[in-house]
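To keep things clear, I will list the structure first and then write my remarks on it.
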Amino acid sequence: MKPSPMQQPFRTAVLILVWGWLLFLVLAPNLLVVGASVMSRDPARFLSLPLNLDAYRQLLDPLYLEVFLHSLYMAVMTTLACLLVGYPFAWALSRVGKQRQVLLVFLLIVPFWTNSLVRTYALKLILATNGLLNNALLALGWIDEPMKLLYTEGAVIIGLVYLLLPFMILPLYSVFDDLREELLMASHDLGAGRWATFAHVIVPLTLPGVLAGVMLVLLPAMGLFFVPDILGGSRNLLVGNVIKNQFLDARNWPFGAAASILLTLAMAFLLFAHKLSKRRLGEEGGA
Amino acid sequence: MTQESDLSCQGLVRRFGAHTAVDHVSLDVPAGAFFSILGPSGCGKTTLLRLLAGFDRPDEGEIRIRGQRMNEVPPNRRPVNMVFQHLALFPTMTVGDNIAYGLKRQKVPAAERRRRVAEVLEQVGLPGLADRNPQELSGGQRQRVALARCLVLRPTLLLLDEPLGALDLKLREQMKVELKHLQKAFGTTFVYITHDQSEAMVMSDQVAVMRAGRFEQVASPEQLYREPATPFVAGFVGDNNRLSGELVGLDAGLADVRLPDGTRVRGRLAGEAPAKGAPVALFVRPEALVLAGEALRPDYATVRTEVRTTLFDGANSRVEVRHGDQTLYARLPQDGSAPRLTEGSTLYLAWDPALARVFALGEP
């Protein structure tokens, strides 16, 4: 549709705003990070010249490699847990009445009204040795002595799942909502049982939602540094903690920058995979 | 119940709360027939189709396919396949994979699968399209893929749920003829549901006219057209004019009807003879009406009407006239024989009483 002359100034204004935003608040900071990652460390001014790739070489240091791998492991476990809970949840959500759907989606979003840092502290109160969960289980007589929940890898994963689950459910809900009943009936009619219909029709059709959910959970799960800070103790670090420590404590900006670029590249890779899966699916034609 | 019938239903009932969607429907479809269920939306035809496919279970009655009771058999184990209203092609699969889907579920080996997919694509006139995505095909091509996906399984019965509804008019006309040819070529028994009487008439061997959960009449298209059993069928199948009046006499199956203005007309009586003076409706088709001018034929029934407007539509051109407060349509022949009609002028319409049907009113 051709814009009318009246719309033209508005259109230009919006475009300038969007491009301005992208240039100054997305592209420029990222370029600064790339720049910082190839400079040298300087205790006084944070960064200094000779350009080099030392920071990237340091990423391969076994010590950090281990932190990265452990962080990746926790993020993957978080993503799997979110998927395991979120997939059936989104499916069920898309099958209840429309009014109840609105209510449930609303309840899913309500926690965002409270700062995630505050909610993580609340989780700490629940998981602590003398916390709600242990006391409840003791009172019920299910355990004899408090379990050590806080400051474990499990606590970090629980915290991450708690914070990130809605980001898995919402894209999944969107693909399940678009899933037409007729396709499932057609599969059934053509001789498929429940399992075959799930594997050959439902999974491929919901894959874009799964990938979108994975994208929204996996990478943030490696970056949410305050979760290990509050729940994880010193051993269960995320890449986010490494980046934060390099900038704020170790004052090694090039290394922190290189680590954050690693995360950005991982994100770009996932976006690419997501796009690829969408293209294969194509836009559904017809009615 | 004969042995050759592919589908036989006895007293099917399906209720939803207080509403009876399918109300004691019995039907028999012989092998190789094209059977249509025709009815307005909400008449229960979709519910009936779901019962046949196995997506729903009847509250009463029995469904037999080639003599086998099917009531408890789930859809994936019935020798029945369905072409859905929106076709329901899997968008994540190619045309070939869509068609092979049912064969894979039956564990047909890959080599035979490929051969049968290629064969059925050839039969529906889409050779070599196996590697396309359904989204790349035209509406008519997608129809044929949906058909091929079912026919490749060689079902005893193919159910079709108004699959032509989404097509534009021209393509729909084309697909009607093509569906009929394909049905003959494959020899599969088709059960087709539609609200479009023209679809049902053109394609079917037998048509069941359904209304409020019941079959009003099951007959060949020609019989439905010529011998409608109820006023509903007369009004629903094909165009028809309806004149209300009262019965004044009966003579060898011909009913004399007095219209409100006193005009006497005649038509063949359908069903039991009502008492004299009973309210009746006379149905006469636009194509049975003759533009009589002044020269009236003695054995024909004639009404005096006033021209309202002419509706030019090529071979389907009609004239709209009023008789008292009743509106009639008559076909206008396009061979130059029709007089020039001006609004408000008087026009005599006549018809052969054998072509008109008179129904006693009072029953729904």
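The values are calculated or read from the model by the stated rules, or taken from the named source; none is laboratory data. None of the values given here were measured: they were computed from a predicted structure. We place every Cβ from the backbone using ideal geometry, glycine too, and count neighbours over all the protein chains shown.
For B:ALA281, are the conditions met, namely being assigned by TED's automatic domain parsing to the domain that holds B:TYR348, within 24 Å of the chain's Cα centre (by Cα), in contact (Cβ under 8 Å) with a residue 12 or more places away in the chain and under 24 Å from B:ARG226 (Cβ atoms)? Yes; evaluated as a whole, the condition is true for this residue. Can you confirm whether the range A:206-213 contains a residue that is under 23 Å from the mean Cα position of the chain (by Cα), away from chain B (no Cβ under 14 Å) and of a type in the set (A, V, I, L, M)? Checked the range A:206-213: at least one residue is under 23 Å from the mean Cα position of the chain (by Cα), away from chain B (no Cβ under 14 Å) and of a type in the set (A, V, I, L, M).
Exactly one residue among B:LEU328, B:LEU355 is farther than 19 Å from B:GLY262 by Cα, assigned by TED's automatic domain parsing to the domain that holds B:ARG268 and under 32 Å from the mean Cα position of the chain (by Cα), and that residue is B:LEU355.
Suppose we keep only residues that are assigned to a strand (DSSP E or B) and hydroxyl-bearing (Ser, Thr, Tyr) within the range B:1-45. Which one would you say is surrounded by the fewest Cβ atoms within 10 Å (Cβ to Cβ)? Once the filter is applied, the top-ranked residue is B:SER26.
Cβ-Cβ contacts under 9 Å between residues 6 or more apart (or on different chains), taken from a first residue in the range B:54-81 that is within 14 Å of chain A (Cβ to nearest Cβ) and in contact (Cβ under 8 Å) with a residue 24 or more places away in the chain to a second residue that is surrounded by fewer than 18 Cβ atoms within 10 Å (Cβ to Cβ) and of a type in the set (D, E, K, R), are listed as B:GLY54/B:ARG77; B:PRO79/B:ARG66; B:PRO79/B:ARG154.
The residue that is surrounded by the most Cβ atoms within 10 Å (Cβ to Cβ), counting only those in the range B:146-157 that are within 11 Å of chain A (Cβ to nearest Cβ) and not in a loop (DSSP other than H, G, I, E, B), is B:ARG149. List the number of the failed condition for B:THR305; all other conditions in (1) surrounded by 19 or more Cβ atoms within 10 Å (Cβ to Cβ); (2) free of Cβ contacts under 8 Å to residues at least 40 places away in the same chain; (3) of a type in the set (Val, Ile, Thr) hold. Unmet condition: (2). The single condition among (1) free of Cβ contacts under 8 Å to residues at least 60 places away in the same chain; (2) of a type outside the set (Ser, Thr, Tyr); (3) more than 14 Å from chain A (Cβ to nearest Cβ); (4) not in a strand (DSSP E or B) that B:ARG50 does not satisfy is (3).
Residues in the range A:40-50 that are free of Cβ contacts under 8 Å to residues at least 24 places away in the same chain and either under 14 Å from A:GLY256 (Cα atoms) or surrounded by fewer than 12 Cβ atoms within 10 Å (Cβ to Cβ) (or both): A:ASP42, A:ALA44, A:ARG45, A:LEU49, A:PRO50. The residue that is nearest to the other protein chains (Cβ to nearest Cβ), among those in the range B:158-173 that are without any contact (Cβ under 8 Å) to a residue 40 or more places away in the chain and within 17 Å of the chain's Cα centre (by Cα), is B:LEU164. Close Cβ contacts (under 8 Å, 6 or more residues apart or on different chains) running from residues in the range A:187-199 that are more than 7 Å from chain B (Cβ to nearest Cβ) to residues that are of a type in the set (Val, Ile, Thr) comprise A:SER187/A:THR197; A:SER187/A:VAL201.
Assessment of the range B:63-77 against the conditions (surrounded by fewer than 21 Cβ atoms within 10 Å (Cβ to Cβ), within 18 Å of the chain's Cα centre (by Cα), not in a strand (DSSP E or B) and not β-branched (Val, Ile, Thr)) yields no matching residue. The requirement of being closer than 15 Å to B:HIS24 by Cα, within 20 Å of the chain's Cα centre (by Cα) and crowded, with 22+ Cβ neighbours inside 10 Å is fulfilled somewhere in the range B:52-59, by at least one residue. Give the residues of the range B:88-99 that are of a type outside the set (Val, Ile, Thr) and either surrounded by fewer than 23 Cβ atoms within 10 Å (Cβ to Cβ) or at the interface with chain A (Cβ under 7 Å from one of its Cβ atoms) (or both), sorted by residue number. If the condition is that a residue be of a type outside the set (Val, Ile, Thr) and either surrounded by fewer than 23 Cβ atoms within 10 Å (Cβ to Cβ) or at the interface with chain A (Cβ under 7 Å from one of its Cβ atoms) (or both), then B:ALA88, B:PHE90, B:PRO91, B:MET93, B:GLY96, B:ASP97 are the ones that fit. Residues of the range B:193-251 that are assigned to a strand (DSSP E or B) and without any contact (Cβ under 8 Å) to a residue 40 or more places away in the chain: B:GLU216, B:GLN217, B:ALA219, B:GLY245, B:GLU246, B:VAL248, B:GLY249, B:LEU250, B:ASP251. Any residue in the range A:169-181 that is more than 14 Å from chain B (Cβ to nearest Cβ), touching a Cys at 6+ places or on another chain (Cβ under 7 Å) and either more than 23 Å from A:GLN101 (Cα to Cα) or buried (at least 18 other Cβ atoms within 10 Å of the Cβ) (or both)? The answer is no, given that none of the residues of the range A:169-181 is more than 14 Å from chain B (Cβ to nearest Cβ), touching a Cys at 6+ places or on another chain (Cβ under 7 Å) and either more than 23 Å from A:GLN101 (Cα to Cα) or buried (at least 18 other Cβ atoms within 10 Å of the Cβ) (or both). Of the set (1) touching a residue at least 12 places away in the same chain (Cβ under 8 Å); (2) assigned to a helix (DSSP H, G or I); (3) not hydroxyl-bearing (Ser, Thr, Tyr), all apply to A:LEU137 but (1). Do we have B:LEU129 as under 21 Å from A:LEU183 (Cα atoms), surrounded by fewer than 23 Cβ atoms within 10 Å (Cβ to Cβ), of a type in the set (A, V, I, L, M) and assigned by TED's automatic domain parsing to the domain that holds B:VAL13 here? Taking the combined requirement at face value, the residue does not satisfy it. Quick check: anything in the range A:124-146 among the β-branched types (Val, Ile, Thr), under 30 Å from B:LEU49 (Cβ atoms) and either more than 14 Å from chain B (Cβ to nearest Cβ) or touching a Leu at 6+ places or on another chain (Cβ under 7 Å) (or both)? So far as the range A:124-146 goes, no, none of its residues is among the β-branched types (Val, Ile, Thr), under 30 Å from B:LEU49 (Cβ atoms) and either more than 14 Å from chain B (Cβ to nearest Cβ) or touching a Leu at 6+ places or on another chain (Cβ under 7 Å) (or both). Residues that are surrounded by fewer than 21 Cβ atoms within 10 Å (Cβ to Cβ), over 30 Å from A:ARG41 (Cα atoms) and touching a Phe, Trp or Tyr at 6+ places or on another chain (Cβ under 6 Å): does the range A:214-225 have at least one? There is at least one residue in the range A:214-225 that is surrounded by fewer than 21 Cβ atoms within 10 Å (Cβ to Cβ), over 30 Å from A:ARG41 (Cα atoms) and touching a Phe, Trp or Tyr at 6+ places or on another chain (Cβ under 6 Å). B:ILE37 falls short of the stated requirement of being within 28 Å of A:LEU183 (Cα to Cα), in contact with a Cys (Cβ under 7 Å, 6 or more places away or on another chain) and among the hydrophobic types (A, V, I, L, M, F, W, C).
If you go through the range A:251-279 and pick out every residue that is surrounded by fewer than 16 Cβ atoms within 10 Å (Cβ to Cβ) and touching a strand residue (DSSP E or B) at 6+ places or on another chain (Cβ under 9 Å), you end up with 1.
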